[in-house]
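Asks: Just passing along the structure, written as structure tokens.
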Amino acid sequence: TRYVFRFGGGVSDGGRGDRNLLGGKGANLAEMASIGLPVPPGFTISTEMCARYYEEGERFPDSLRDEVRDGLAHIEAVTGKRFGDPADPLLVSVRSGARVSMPGMMDTVLNLGLNDQTVEGLAATSGDERFAWDSYRRFVQMYADVVLGLDHDRFEEALEEAKEDRGYFLDTDMGADDWRQVVAAYKEIVEADWGKPFPQDVHDQLWGAVGAVFGSWQSERAKVYRRLNDIPGSWGTAVNVQAMVFGNMGDTSATGVAFTRDPSTGEHAYYGEWLVNAQGEDVVAGIRTPQYLTRAAREKAAAKPLSMEEAMPETYGELARVFDLLEQHYRDMQDIEFTVERGHLWMLQTRSGKRTASAALKIAVDMAEEGLISREEAVARVDAAALDQLLHPTLDPDAPRDVLTKGLPASPGAASGAVVFTADEAEKRAERDEAVILVRIETSPEDIHGMHAAKGILTARGGMTSHAAVVARGMGRPCVSGAGALAIDAKSKILRVRDRTLREGDIITIDGASGEVMAGAVATVQPELAGDFGTLMGWADEVRRLKVRTNAETPADCRTARRFGAEGIGLCRTEHMFFEAERITAVRSMILADTPQGRKAALARLLPEQRRDFAEIFEVMAGLPVTIRLLDPPLHEFLPTKDSDFAEVAAAMDVSVDKLKQRAGELHEFNPMLGHRGVRLGITYPEIYAMQARAIFEAAVDVAQRTGEAPIPEVMIPLVATRRELELMRAQVDKAAAAVFAETGRTLDYLVGTMIELPRAALMAGDIAGAADFFSFGTNDLTQTAIGISRDDAARFLQTYVEQGIFARDPFVSLDVEGVGQLIEIAAERGRGTKPGLKLGICGEHGGDPTSIAFCEQVGLDYVSASPYRVPIARLAAAQAAL
Ligand code: ADP
Ligand code: MG
Ligand code: MG
């Protein structure tokens, strides 16, 4: 097997299609080189070597040494320099690169190949001694930090000391001799902390760095990131070794990062940051504040330092042409890294740019309208799950705001929460369901778990392309970065903004769209669902086959769902209606009644209430199907648990506390999930389902008469395991319908069906279908009963199961397609075998999960049902599944 692939200087051993083998960075460097863009020559060690490295006990096979030597020879041939040559040394960067860009991997090492001899050669050939020694000290520090794992504070301190001794304030005040002395000090630190002198052999340097890249694949940070993003550990990373180009060779040199469209808003305008006389890491690390790339952006921000467009118009023009070419070539918005060395432009990276959900939407719609992509591609490109970000409220423009300061609008959306200063604290509080804002000077990959737990992220330093900004956009968390007026003291947990002081736990609000940071919580408004969102949803609706319904039981939820495009209700749970304060007493009397008469009397009090509930829902869902599930949970859930509650309830119901407790004791179950619930209630207390059915039909007839639009009730019996259960309940429902129709003189269409949520029901679906008009897969219970895992108790071990790869994802979030999925397939097939027109849907949590929706499409269900806010996600995912 070949492990090394070259690029640059007219050679490309790979291209964009080789991302799995070369990683994203390597594949795109090869691609850019192959379309004639200026890419410094280099080579990629493939991801396959990463796997082999671990197989062989973290060692490299000998053959790799030969291949790397050939790779270096390629770079030497193109550059005319030699690696380790004291007279005219080749320097390289060593860069990691997995299939998808991954924080947590080893940071890039620049200027590798410098030692006490080659630094003199670099000084001579560049004619710039200061530049050579500056590069050398950067290299020693980076290598010590990234490859040797030494504490970088020691280096920072040494540098600060050096500046203080000389009375300097800025790095740029340092001269060649100053840097020479800093290098000497750095080397002493390395020797003291590492126990060996800084490696002077350039090949040792290179192999050390290559090993560190592969080693970082199994770092904790990388593992956390992979877990959060469903990236398999088997992918591995590639290593890129590439000739250095220098953005730090004076005022005609520069480095920058850019997007071909605005990654925050999606606006069709170049967007980027650059720094004159700097190396790449300076821009992302937030050490110096980067400048705007375009004149328009600089003017809009009323910033003084010249944009690249103004300072280097010619090179900028060249860069802009490259932007257009790359966007046309990749047919997507690109995220680009470049360096200018003494006026010469070099491309160092391109990839599809991360973007916010609203930018993704706008870019997809714009590109389809520009003719760059088709409408289907536009639909396919927007991550359905990420739509979530657009559907949530933003700050009410008219609400009063107590603005503390303003930073950069790094990731849109608004969030309020308690100030926390560490990722661990964020996680801890989030576990208690507390909303928190993570406040950091800047974030690093170690903070990822806290960023995930937080509702929003606020940093004092760093630009729009800083770690915090990029990660927050990827996660869909609002973020304000670079709020320079914040003085953060994480140790004492104090945040100062001018004359104001905030402590841990104080509530703040951040607006990632404007960059504002406010004290207290600020009111929010509903999102705008027209515009690009409406356009894309329209295109999605044209291609999707699956209908999308919602799980809702209040008129407000129903209205929200309709606004989001729900085409009916797939699950209206009725027990929620029983919990309402004024009704719970009637429910409790019903439960405590000793006789059917007693039960009926209590139910009679509930009937008008239920009727009103259903009538309200039918009105909102006019003309659409509404699936109502009859009572499902075990009765004891309605009884009090605390002593004080018992006394109160007993008094309200005029029974003794003892009797109440006795009855509660009788209802106690060892395993309520598998106990007296669902259809089993209907079988033992038929009056309950009879009352509910009557309420449904009275409400339906009433709404039909009042509005002229007949609702389509679909009465659903839960937890059925046998046909006989369903037949008995169906008879109850039909009887109630007939009675109501006779009393009112009006009939309407309705269906009676069942949930399929027990393995037996799935297997016996052919039989059960004989008594059913529809099946709705209750995948929450079906997952519980098929795997035998109680959802409420799963939290303790499920994460470990996912980490160990036993389940790829939490089966309660994303359907276990290969296991539970089989039951669905069997039931669908057998059910339709008996009754070809049988209507099939899914009403578990999975109905809003894109991967599960793809499965529903594949097995030919008629609809999915999702919670109101997930309805648009389901519409888009259903369209993507149909493509
Ligand atoms: P990341 O994946 O973190 O962006 P990169 O490997 O892209 O890491 O490197 C970070 C930065 O280092 C690049 O944006 C670029 O500015 C700089 N860099 C990397 N390789 C070179 C090189 N060969 N010459 C000059 N600068 C480089
Ligand atoms: Mg990069
Ligand atoms: Mg259920």
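Asks: Treating cross-link reach as a plain straight distance, find the lysines whose alpha-carbon is under 27 Å from the alpha-carbon of Lys493, omitting any fewer than eight places away in the same chain.
Replies: Partners found: Lys406, Lys428, Lys455.
Asks: Scan the stretch 291-385 for GluC sites (Glu not before Pro) in coil per DSSP, keeping those whose Cβ has at most 12 other Cβ atoms within 10 Å, and list them by number.
Replies: The qualifying sites: there are none.
Asks: Give the relative contact order (percent, whole number) for the stretch 254-355; include only Cα pairs under 8 Å separated by 6+ residues.
Replies: So the answer I get is 28 percent.
Asks: Please list log₁₀ I(q)/I(0) at q = 0.12, 0.14 Å⁻¹ for the stretch 251-335, using the Debye equation with identical point scatterers on the alpha-carbon positions.
Replies: With one equal scatterer per Cα and no solvent, log10 I(q)/I(0) is -0.34, -0.46.
Asks: Label Glu818 and Arg69 with points 7 Å out from Cα along Cα→Cβ: what is the distance between them in nm?
Replies: Simple spin-label model gives 4.4 nm for this pair.
Asks: Quick one: grab the alpha carbon gyration tensor of the stretch 574-715, order the square roots of its eigenvalues as a ≥ b ≥ c, and give me rounded if a/c is under 1.5, else prolate or oblate depending on whether a/b is larger than b/c.
Replies: prolate
Asks: Could you tally the net charge around Ala693, taking each other residue with its Cβ under 13 Å from the Cβ of Ala693, Lys/Arg +1 and Asp/Glu -1?
Replies: +1
Asks: Under 21 Å between alpha carbons, and skipping anything fewer than 8 positions from Lys187 in its own chain: which lysines qualify?
Replies: Lys163, Lys196
Asks: Then there's this: Under 8 Å for C-alpha pairs, at least 6 residues apart: give me the relative contact order for the stretch 802-873, rounded to a whole percent. Could the numbers behind the result be given before it?
Replies: Numbers: 66 pairs, mean separation 21.9, N = 72.
Once normalised by length, the contact order is 30 percent.
Asks: Sticking with this structure for a sec: Would you mind ranking Thr443, Thr834, Thr108, Thr684 by Cβ crowding within 10 Å, fewest neighbours first?
Replies: Neighbour counts put them in this order, fewest first: Thr684, Thr834, Thr108, Thr443.
Asks: Can you give the extra length, in nm with one decimal, that the chain gains between Thr422 and Arg227 once fully stretched, where that is 0.36 nm per residue apart less the Cα-Cα distance?
Replies: Numbers: separation 195, 0.36 × 195 = 70.20 nm, distance 2.06 nm.
Full extension of this stretch gives 68.1 nm more.
Asks: May I ask you to sort Ser126, Ser656, Ser264, Ser135 by Cβ crowding, counting other Cβ atoms within 10 Å and putting the fewest first? Intermediate results must be reported in sequence, preceding the final value.
Replies: Numbers: Ser126 16, Ser656 11, Ser264 22, Ser135 25.
With the fewest neighbours first, Ser126, Ser656, Ser264, Ser135 line up as Ser656, Ser126, Ser264, Ser135.
Asks: Can you run phi through the Karplus equation (6.51, -1.76, 1.60; θ = phi - 60°) for the stretch 560-567 and list ³J(HN,Hα) in whole Hz, with x for Gly and Pro?
Replies: Couplings: 4, 5, 5, 4, 7, x, 5, 10 Hz.
Asks: For a Förster distance of 56 Å, can you work out the FRET efficiency between the beta-carbons of Glu157 and Glu370, rounded to the nearest 0.05?
Replies: 0.60
Asks: Related question: Cut-off 17 Å, label point 7 angstrom out along Cα-to-Cβ of Glu637: give me the residues of the stretch 531-553 whose amide nitrogen falls inside.
Replies: Correct set: 551-553.
Asks: Within a 10 angstrom radius of the beta carbon, how do Arg498, Arg724, Arg730 rank from fewest other beta carbons to most? Show your work: numbers first, answer last.
Replies: Numbers: Arg498 10, Arg724 13, Arg730 19.
Ranked by crowding around the Cβ, least crowded first: Arg498, Arg724, Arg730.
Asks: Students often get this wrong: which residues of the stretch 856-883 have the backbone nitrogen under 17 Å from the point 7 angstrom along Cα-to-C-beta of Glu829?
Replies: Hits in the stretch 856-883 for Glu829 at 17 Å: 856-861.
Asks: Compute the length gained on full extension between Ala556 and Thr684: take 0.36 nm times their separation in residues and subtract their Cα-Cα distance, giving the result in nm to one decimal. Provide the component values of the computation, followed by the final result.
Replies: On the way: separation 128, 0.36 × 128 = 46.08 nm, distance 3.35 nm.
Full extension from Ala556 to Thr684 adds 42.7 nm.
Asks: If you don't mind, there's one more thing I want to ask. Rounded to whole Å, give me the distance from the Cα center of the stretch 219-273 to that of the stretch 131-166.
Replies: A separation of 23 Å, based on Cα centres.
Asks: Asp654: net charge of surrounding residues, Cβ under 15 Å, Lys/Arg +1, Asp/Glu -1, itself excluded?
Replies: +1
Asks: By its C-alpha gyration tensor, with a ≥ b ≥ c as the square roots of the eigenvalues, how is the stretch 751-875 shaped: rounded for a/c under 1.5, else prolate for a/b larger than b/c, else oblate?
Replies: Details: a/c = 2.10, a/b = 1.52, b/c = 1.39.
Cα axes put the stretch 751-875 in the prolate bin.
Asks: Sticking with this structure for a sec: Any idea how far apart Arg605 and Asp201 come out in nm if each label point goes 7 Å out from Cα toward Cβ?
Replies: My value for the distance between the label points is 9.0 nm.
Asks: Add +1 for every Lys or Arg and -1 for every Asp or Glu among the other residues with Cβ under 10 Å from the Cβ of Ala176, and state the total.
Replies: Computed value for this residue: -3.
Asks: What FRET efficiency comes out for the pair Asp489/Ala521, r = Cβ-Cβ distance, R0 = 25 Å, nearest 0.05? Walk me through the intermediate numbers first.
Replies: Numbers: r = 24 Å, r/R0 = 0.94.
FRET efficiency, Asp489 to Ala521: 0.60.
Asks: Which three extents, in whole angstrom, do the alpha-carbon atoms of the chain cover along their principal axes, largest first?
Replies: Principal-axis extents of the chain (Cα, largest first): 103, 61, 51 Å.
Asks: Still on this structure, I have one more. At 0.36 nm per residue, and after removing the present C-alpha to C-alpha distance, how many nm does the segment from Ala808 to Ala399 gain when stretched out fully?
Replies: My answer for the length gained is 142.9 nm.
Asks: Straight-line reach from Lys835: which lysines fall under 24 Å, measuring Cα to Cα and dropping same-chain residues less than 8 apart?
Replies: Result set, ordered by chain and number: Lys547, Lys735.
Asks: Once you place label points 7 Å from the Cα toward the Cβ at Asp658 and Phe169, how far apart are they in nm?
Replies: Placing both labels 7 Å beyond Cα along the Cβ direction yields 8.7 nm.
Quick note: the coordinates plus some simple rules give every number you see, no bench work behind them. Predicted model, so just to flag it, every value in this text is computed and none were measured. Note that we place each Cβ from the backbone using ideal geometry, even for glycine, and neighbour counts take in every protein chain shown.
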